[in-house]
Amino acid sequence: MVATALPSKVKTTANLNLRTGSSTAHRRLVTIPKGTTVKVTARAANGWYKVGYAGRTGWISNKYVSIVRSAAPAPGRLPATVRTTAGLNLRTGPSTAYAVLVTIPRGTTLKVSARASNGWYKVGYAGRTGWVSNTYVTISTGSGSSPSAPRAPQSTGPNRTSRVVLTFDDCPRTLGSFTATIKYAADHNMGLVIAPTGNCLSSFRARYGVDLAALARAKGQWVINHSVSHPDLRRLSCAAAAAQLGGSGVRTNFGRPPFGAIDASVRCAYDRVGMAIWTWSRDTLDWSVKSKSITVARASAARPGDTVLMHMQWQGFAPDSLRQIKANLAKRGVGVCRAYHGSDGVGVVARTPVRLPASLPC
């Protein structure tokens, strides 16, 4: 019996039940529509695949899927170097069926000497020569390529101070609520981080002829990317996810994945467009509780240096909520990030740059 490599992705050929275990005797979690591509993480002895879908992990029958093959590499265009987007195994041959020599850390640049027909690269690392999967590397193309992503902690981003950063995702309910909240923040020296989707920006441009990102920046607020249409990026290829990040949304150097959902392919996409991932360290779950008092209380419990997650369509995104959160934090001796006052940090509130600095002037 010849061992075969575990496929990285499969596509459903029928509506297919995702189950808690690897047989029809196990409970159904959800039905995956026909034609859906899902990532594979394991295979059972009976051939069933362990996959992720819609935020759930379970098992699907191998009888109703087809294996998604990696696109064939372009002939004659061997990259000089690649950079790992995850901790990546260096193997003795070009598939996961081969033995692991060593694990290469994420962010390592490797010289390429050959490419296999399945896309894997032959590279050298730590005095050893072996093969790495092309799924977990990005190619540095030199002139015209995206700039390198800044380095910052994933959960707290470029805020390297003890102040709390209040962040708001998605889309405001009205233009009035957005302008009132942004104006209040600027008037009271608060620097918020806004993460609107591309669809949100397009909608407000079409309806009102305004650019929400530009309005926020004009009031000393920071704006980061949040994709175009808010999909779970884990369900997309690296290239498709990169298209979501580089589409009609915010073009900058920091971004927040929808749902905070991250895997190696998502990291590949952010690396490809030159964005660092900025999630959060404290989640108010405002979308779930839909309560102003609970949201304010949870944000007010933030610790120094926290990044707090809220959403523009819920109760935390309002002048009175900001007032309460700032006052409650002050009672505990904790400050909030200040509005931008230019590179020298003095004078009136200034327009923030499109690209965030490596250290946010909170």
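The values are calculated or read from the model by the stated rules, or taken from the named source; none is laboratory data. None of the values given here were measured: they were computed from a predicted structure. Heads up, the Cβs are rebuilt from the backbone with ideal geometry, glycines too, and the neighbour counts pull from every protein chain shown. Note: areas computed on protein heavy atoms with side chains; ligands, DNA, RNA excluded. Shrake-Rupley method; radii C 1.70, N 1.55, O 1.52, S 1.80 Å.
Could you grab me the full set of residues in segment 311-337 that are among the charged types (D, E, K, R) and surrounded by fewer than 19 Cβ atoms within 10 Å (Cβ to Cβ)? Write out each step before concluding.
Step one: filter segment 311-337 for residues among the charged types (D, E, K, R), giving 320, 323, 326, 331-332.
The answer is ASP320, ARG323, LYS331, ARG332.
Can you name the condition, by its number, that TYR208 falls short on among (1) of a type outside the set (A, V, I, L, M); (2) farther than 16 Å from THR167 by Cβ; (3) free of Cβ contacts under 8 Å to residues at least 60 places away in the same chain; (4) open to solvent by less than 10 Å² (accessible area, probe 1.4 Å)?
With respect to (1) of a type outside the set (A, V, I, L, M); (2) farther than 16 Å from THR167 by Cβ; (3) free of Cβ contacts under 8 Å to residues at least 60 places away in the same chain; (4) open to solvent by less than 10 Å² (accessible area, probe 1.4 Å), TYR208 is out only on (4).
Would you check which residues across segment 261-270 are among the aliphatic types (A, V, I, L, M) and either under 15 Å from ALA149 (Cα atoms) or under 9 Å from the mean Cα position of the chain (by Cα) (or both) and list them?
Within segment 261-270, ALA261, ILE262, VAL266, ALA269 meet the criteria.
Just for segment 254-271: of the residues that are open to solvent by 10 Å² or more (accessible area, probe 1.4 Å) and modelled with pLDDT of 90 or more, which one is nearest to SER202 (Cα to Cα)?
PHE259
I'd like the residue in segment 39-56 that is closer than 17 Å to PRO231 by Cα and surrounded by fewer than 16 Cβ atoms within 10 Å (Cβ to Cβ) and, out of all such residues, is farthest from the chain's Cα centre (by Cα).
Only one residue tops the list, namely ARG56.
Every residue in segment 272-299 that is touching a residue at least 24 places away in the same chain (Cβ under 8 Å) and of a type in the set (Val, Ile, Thr), please.
Residues satisfying the conditions are VAL273, ILE277, THR279, THR284, THR295, VAL296.
Taking the options THR12, THR36, name whichever one is open to solvent by less than 40 Å² (accessible area, probe 1.4 Å), closer than 17 Å to ASP232 by Cα and not hydrophobic (A, V, I, L, M, F, W, C).
Just a single option satisfies the conditions, and that option is THR36.
ARG173 - would you say it is surrounded by fewer than 24 Cβ atoms within 10 Å (Cβ to Cβ) and over 26 Å from VAL336 (Cα atoms)?
Values: surrounded by fewer than 24 Cβ atoms within 10 Å (Cβ to Cβ): yes; over 26 Å from VAL336 (Cα atoms): no.
Judged against the criteria, ARG173 is not a match.
Taking segment 224-238 as the search range and keeping residues that are open to solvent by less than 10 Å² (accessible area, probe 1.4 Å) and in a loop (DSSP other than H, G, I, E, B), which one is farthest from LEU212 (Cα to Cα)? Lay out the reasoning, then the answer.
So in segment 224-238, the residues open to solvent by less than 10 Å² (accessible area, probe 1.4 Å) come out as 224-227, 233.
From the residues that got through so far, the ones that are in a loop (DSSP other than H, G, I, E, B) too are 224, 226-227.
Working: ILE224: 12, HIS226: 13, SER227: 15 Å.
Checking each candidate, the answer is SER227.
For segment 208-228, does any single residue satisfy the condition of being among the hydroxyl-bearing types (Ser, Thr, Tyr) and modelled with pLDDT of 95 or more? Before you say what the answer is, go through the steps one by one.
If we filter segment 208-228 for residues that are among the hydroxyl-bearing types (Ser, Thr, Tyr), which is where we start, we get 208, 227.
Within this subset, residues satisfying the condition of being modelled with pLDDT of 95 or more are 227.
Within segment 208-228, one or more residues are among the hydroxyl-bearing types (Ser, Thr, Tyr) and modelled with pLDDT of 95 or more.
Pull up segment 187-201, narrow it to residues that are open to solvent by 10 Å² or more (accessible area, probe 1.4 Å) and not charged (D, E, K, R), then point me to the one that is farthest from ARG355 (Cα to Cα).
Top of the filtered list is HIS188.
Limited to segment 287-345, what total is found for residues that are in contact with a strand residue (DSSP E or B) (Cβ under 9 Å, 6 or more places away or on another chain) and hydroxyl-bearing (Ser, Thr, Tyr)?
Going through segment 287-345 one residue at a time, the tally reaches 4.
Please verify whether VAL348 is open to solvent by 10 Å² or more (accessible area, probe 1.4 Å), in a loop (DSSP other than H, G, I, E, B) and farther than 25 Å from ALA152 by Cα, treating the condition exactly as stated.
So VAL348 fits the description; yes.
Looking at the structure I just gave you, is SER321 out of contact with any His (no Cβ under 6 Å at 6 or more places or on another chain), under 17 Å from THR161 (Cα atoms), hydroxyl-bearing (Ser, Thr, Tyr) and at pLDDT 95 or above?
Here the answer is no, as SER321 does not meet what is asked.
Can you tell me which residue is surrounded by the most Cβ atoms within 10 Å (Cβ to Cβ) among those in segment 286-310 that are charged (D, E, K, R) and touching a Ser or Thr at 6+ places or on another chain (Cβ under 9 Å)?
Across segment 286-310, the extreme among qualifying residues is ASP286.
Rundown of residues vs (1) assigned to a helix (DSSP H, G or I); (2) under 10 Å from the mean Cα position of the chain (by Cα); (3) not basic (Lys, Arg), yes/no style:
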position: ALA240; (1), (2), (3): yes, no, yes
position: THR252; (1), (2), (3): no, no, yes
position: PHE259; (1), (2), (3): yes, yes, yes
position: ARG272; (1), (2), (3): yes, no, no
position: THR279; (1), (2), (3): no, yes, yes
position: SER288; (1), (2), (3): yes, no, yes
position: VAL296; (1), (2), (3): yes, no, yes
position: VAL308; (1), (2), (3): no, no, yes
position: TRP314; (1), (2), (3): no, no, yes
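Considering only residues that are among the hydroxyl-bearing types (Ser, Thr, Tyr) and either under 19 Å from GLY87 (Cα atoms) or in contact with a Cys (Cβ under 9 Å, 6 or more places away or on another chain) (or both), which ones fall in segment 262-298?
Correct list: SER265, TYR270.
Can you work out which of the residues in segment 211-223 that are small (Gly, Ala, Ser) and either closer than 18 Å to ALA54 by Cα or open to solvent by 10 Å² or more (accessible area, probe 1.4 Å) (or both) is nearest to the chain's Cα centre (by Cα)?
Going residue by residue through segment 211-223, those that are small (Gly, Ala, Ser) are 213-214, 216, 218, 220.
Among the residues that remain, those that are also either closer than 18 Å to ALA54 by Cα or open to solvent by 10 Å² or more (accessible area, probe 1.4 Å) (or both) are: 214, 218.
On the way: ALA214: 22, ALA218: 26 Å.
The selected residue is ALA214.
Just to be sure, is LEU88 touching a helix residue (DSSP H, G or I) at 6+ places or on another chain (Cβ under 8 Å) and open to solvent by less than 20 Å² (accessible area, probe 1.4 Å)?
yes
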